[in-house]
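One structure below.
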Amino acid sequence: MDKTEIVSPERSPENGGSGRVGPSAAGWVYHLGVNSIGHQYCHLRYLLLRGTCLFMYKRDPHHHPAIKPIRKGLISHTLMVQELGRRKLNTGDLYVLGFYNRLDGTKKGEIACATPGEARKWYEAFEQAKQQAEYDLTSGSGRHRRLNTEDEINLEGRRPRVRRYAQQGLEKLVKIGKGPEMLLRQVSKIGNNKVLSAHIDDETGDALEAHDWRCVRTINGIRIFEDAANSKGGKGILLKSVGVVNASVDSVFEMVFSLDKHNRYEWDILTGDLELLESKDGHCDIVYGKYEPKYLSWWNSKIDFVISRQWFRGQDGNYTILQTPTTHKKKPSKSGYQRKKINPSIWEIRKLNSSDHVAKCLVAQMVEVQPSFWDRWKGSQLEKFEKSIPFSLLCQVACLREYFAANPALMSESPSAIMQPKLLVPSSVNSDAEDQDTNDEFYDAIAIAEDDYSDDDNDDFADADADKGAKVKLKNVSWAIASLALKRTKASVADIELSGASLPVVIDWNQLNGSLRRAKSEQDSNCWSSPSGDGFMIRGKTYLTDHSKIEGGDPLLKLIAVDWLKAEHRIDAVALNPKFLVQTEAGKKIPFILVVNLQIPASPNYSLVAYYGSERPVNKESLLGRFVEGPDVFRDSRFKLIPSIVEGYWMVKRAVGTKACLLGKAVTCRYLRQDNFLEIDVDIGSSSVARSIISLVLGYITGIVVDLAILIEGKEEKELPEYILGTVRLNRVRLDSAVPL
């Protein structure tokens, strides 16, 4: 079909008559659902997103100007868009987006796209429409002042009776083809290649990582690294191959995750022959593979293997794929084949910003090998390493690079693209989009020092004399350290964020306890402690101009206690329960308590509840005061969490990462403000990606030490530098120690 271009919306009834430029996207998608007699359907539909209004048609309205939309509605700020991953429909794999209302959890339907690039860009279009809706609501302008539940878009169930709808502005859409009525794998055209993600921070990490990558070999232009750091939680030696591929992250992900043998045979020398055994959900499957040893002569028999593949797409649009050996009842060991356990490995696909506007990405393949084997291979038997499974896995990056170089048609961005007109909103609403404005380029991930490494970087070298108060930027690390002079002290932050009119209340913090005990030492298990914020990198005073970050420093609020709870149902409103800290006599005397309830989906359900307190009330005019007393829309756009696994299995570390996450944009957050407390219930189960990651973490939880930092994102100059609200360290927590509720 012909390409679609998206034009800026005009002043029309669909925009509420405001004339404001808003997000605009259009193209073919698949509408999924269940009809009135219980049968599932998958219909090809044309979606038109104009501002905060969404229209669904059976045909392209440009070719059929008189056609009426079969569904329409407004994008509300309470609409949650969830990536449900891959799903097999009509013998093809589609990428599904689900919609629901975060206030009451009601489903609003599902759509599917032919490629992950389409799904990502539709997701971004809906997120910007939500941002426009939030701005309209907070500014008191637009149609959202009159919005009720009947106006919200609903793609679930039977559609309402169609009446008369306005069609202004549709004549400006470029021709896109005939608009087929049968299910075809067509590509939506959703605009040009501008990246819009107003809630996405820059591409650097936000916690320090202890890796010491050292280049040990170069193969076909791809460098092989060894992690020389002594990782406490590691089970083997980590090797990594890193290369730049001239293709979009979506194209590379599709190729790596594809089961198409014809394509894989052109670049994959080991896992090219794959067969799907089971698809657990949209983000995890189990595949069977086999290999005939025609090129690696030391294998004297055919080999086969079973691996589990799990993938995530971060808020920054980058992909992570975890591959681990497993077993499956459909494929027991069979005669003539030697069952091999393929080494655990991780693909990391990161977008690179290019000055020539050519799609590029940094592809890294990490592989775990046994220390004894690696020691021999590094010594006198290095030539044997070239005939091993780890070597074949590491070579996949070079093969992938050459495959895309030989197929120029695959190098460009996904055919579906979105034109994202910039919203006419203040910088406080849209400032994060500026984080993407950088022309820097990086090609690999080499550690400067063990404590200063992260392979997700995009910064230039800029050395300066720290004694003179200059800012320091380090190349090939995930952060830039500004001078200590830029970091605010805890006392200075408290003077601004807490009320100076009240004297501090004398509180014996040791008398306040939760069900999880405080750690006695660093080696203690099944306990908690409160680390400093120095291990976290937060926005510095000049972040809006140079993206420099500083160490977090001491938290503003004191971690009082931690509860570790379990129940058959999701645990809400812990602060109202008379059995817990907030409702005790001692708890009622604390001027302000922030309760963060991380709701973990499992069987049973768990809740990790952290209580943070202050000796003075909150200053209502401060950023913290606006967060505590403000609307949920503001809270969702500012509440940020930074994770860092200090000790644990390397694969879990890479899956969790160190990137700050705006929780209100990633999962459903519910807020309860009463008396002297604010409770934030973070529903991790509301996101399929978050569920997948937390299920991986739970499998290794008794061997994990994890640090978490919470903060309020600073988006304006007067709100910088940021500060850490609170931290918590969880030391090797046991699931069976959770207290039943």
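The values are calculated or read from the model by the stated rules, or taken from the named source; none is laboratory data. Because the structure is predicted, anything quoted here is derived from the model rather than measured. Backbone-built Cβ (ideal geometry, glycine too); neighbour counts: all protein chains shown. We work out accessible area using only protein heavy atoms, side chains counted, and drop any ligands, DNA or RNA first. Shrake-Rupley method; radii C 1.70, N 1.55, O 1.52, S 1.80 Å.
Could you let me know the centre-to-centre spacing of region 590-641 and region 495-538, using Cα atoms, in angstrom?
Taking the Cα centre of each part, region 590-641 and region 495-538 sit 15 Å apart.
Here is the link list: LYS558/LYS620; LYS261/LYS653; LYS579/LYS715; LYS566/LYS640; LYS107/LYS331. Which ones come out longer than 28 Å on Cα distance?
LYS261/LYS653; LYS579/LYS715; LYS107/LYS331
Provide the per-residue ³J(HN,Hα) series for region 718-733, in order, calculated from phi with Karplus coefficients 6.51, -1.76, 1.60 and θ = phi - 60°, each as a whole number of Hz, with x at glycine and proline positions.
Each residue of region 718-733 in turn: 6, 9, 10, x, 5, 9, 7, 6, x, 10, 8, 10, 10, 9, 6, 6 Hz.
Express the relative contact order of region 213-286 as a whole percentage, based on alpha carbon pairs under 8 Å and six or more residues apart in sequence.
Working: 66 pairs, mean separation 11.8, N = 74.
Worked out over region 213-286, it gives 16 percent.
What is the set of long-range amide H partners of VAL646 at a cut-off below 5 Å, with H atoms built 1.01 Å from backbone N?
Here the answer is VAL705, VAL706, ASP707, since their amide H atoms fall under 5 Å of that of VAL646.
Nearest 0.05, what FRET efficiency do SER335 and LEU89 give at R0 = 41 Å with Cβ-Cβ as r?
For SER335 and LEU89, the calculated efficiency is 0.70.
Quick one: Cα centre-to-centre distance for region 690-741 and region 62-135, in angstrom?
30
Which listed residue (GLY552, CYS527, LEU516) has the Cα farthest towards the positive end of the charge dipole for region 515-562, taking +1 on Lys and Arg C-beta and -1 on Asp and Glu C-beta about the Cα centre?
Checking the options against the dipole of region 515-562, the answer is LEU516.
Counting only heavy atoms of protein chains, what accessible area per residue, in Å², does region 635-741 have with a probe of 1.4 Å?
28
Out of residues 5 or more away from TYR723 or on other chains, whose amide H comes under 5 Å of its own, with H placed 1.01 Å from N in the peptide plane?
Here ILE712 satisfy the definition.
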